[in-house]
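The values are calculated or read from the model by the stated rules, or taken from the named source; none is laboratory data. All figures in this text were calculated on a predicted structure; none of them were measured in a lab. Reconstructed Cβ throughout: ideal geometry from the backbone, glycine too, with neighbour counts over all protein chains shown.
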Amino acid sequence: MSPMSDTPTTPLSVALKAATAPTHGVLDQRIMAFNPFAGREHYAAFLQMQYRFHRDVDALFSDPELNRLLPGLSERRRFHQVAQDLADLGLTPSGDDTPPAFVPGAAVDVPGALGWLYTEEGSNLGGAFLFKLAARIGFDENQGARHLAPHPEGRAPSWKAFVAQLDAVPLDADGRARAAAGAQAAFARVLGHVEACCPLPVAQGTPA
Ligand code: HEM
């Protein structure tokens, strides 16, 4: 579905999924090409990437208006878990010298922020697969893969509840477009973090 065919009768979550499907595909492939579960060093790079993304969105979870629209939002944040995962591996975060996408205390464009939160919460749904792979190299909800663990009420129920809240937010066409732009910006941001933290080996035989 192109953004042109997005109409207010389409639930927002469905429109956001359609708007970000191509980038999601690119991102999945790029992450798996890096092979984050090849060993401790690759996993550490993956964690640095996740750290940067969760740091980007962390301020949104304490925003009063977003918490009013999405009750319980503040309990969904995963930044502290990612930071703890890094600490479990004896690592300190990289990238703290640059500002996050959302600065604590700054004014937030609510529809755009909804798009960012859609991307962040969706990543926990898709994270089921990553959580299983992390277990193979010895990381779990108690050590190293805390941020990939399901939310306490379960992965699918948590996602369904979030989507219901998201879809109940009244937005006009402009708000929906801003939400879609926010979701796309979040995916683009993650892709940038992957490029920075998870470099692929330089292809052999490629002309300089
Ligand atoms: C290798 C990495 C990834 C894989 C294999 C993956 C895979 C998946 C899968 C299988 C689903 C569907 C789950 C279901 O419907 O039960 C999903 C959903 C989703 N993922 Fe990913 N994902 C990856 C990384 C990410 C990242 C890094 C983000 C964003 C930061 C992300 C954002 C989303 C979103 C927003 C959804 C929800 C789509 C919807 O509206 O239904 N994913 N992912």
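A compact table of results
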item: The lone exception for V108 - which of (1) of a type in the set (V, I, T); (2) under 14 Å from the mean Cα position of the chain (by Cα); (3) within 23 Å of A168 (Cβ to Cβ) it fails; result: (2)
item: Subset of segment 182-195 (residues that are within 20 Å of P36 (Cβ to Cβ) and surrounded by 16 or more Cβ atoms within 10 Å (Cβ to Cβ)); result: A186, F187, R189, V190, L191, H193, V194
item: Qualifying residues in segment 111-123 (those that are small (G, A, S) and under 12 Å from the mean Cα position of the chain (by Cα)) - the one surrounded by the most Cβ atoms within 10 Å (Cβ to Cβ); result: G115
item: Cross-chain or 6+ apart pairs with Cβ under 6 Å, segment 34-54 first and surrounded by 15 or more Cβ atoms within 10 Å (Cβ to Cβ), then among the β-branched types (V, I, T); result: F37/I137; M49/V194; Q50/V82; Y51/V82; F53/V190; H54/V82
item: Residue in segment 156-165 that is of a type in the set (A, V, I, L, M), within 16 Å of the ligand (Cβ to nearest atom), exposed (fewer than 15 other Cβ atoms within 10 Å of the Cβ) and farther than 17 Å from G25 by Cα present; result: yes
item: Pairs where the first residue, in segment 109-133, is within 14 Å of F53 (Cβ to Cβ) and the second is within 9 Å of the ligand (Cβ to nearest atom) and among the basic types (K, R), C-beta under 7 Å, 6+ apart; result: N124/R155
item: Count - residues of segment 167-181 that are within 16 Å of the chain's Cα centre (by Cα) and surrounded by fewer than 23 Cβ atoms within 10 Å (Cβ to Cβ); result: 1
item: Wholly within segment 1-104, helices (runs of 4 or more DSSP H) carrying at least 1 residues that are farther than 29 Å from A164 by Cβ and either in contact with a Ser or Thr (Cβ under 9 Å, 6 or more places away or on another chain) or within 16 Å of the ligand (Cβ to nearest atom) (or both); result: 12-34, 40-57, 79-88
item: All positions within segment 126-148 that are of a type outside the set (F, W, Y) and either at pLDDT below 95 or assigned to a helix (DSSP H, G or I) (or both); result: G126, G127, A128, L130, K132, L133, A134, A135, R136, R146, H147, L148
item: Which listed residue, of R178, R189, is of a type in the set (K, R) and either away from the ligand (no atom under 15 Å from the Cβ) or not in a helix (DSSP H, G or I) (or both); result: R178
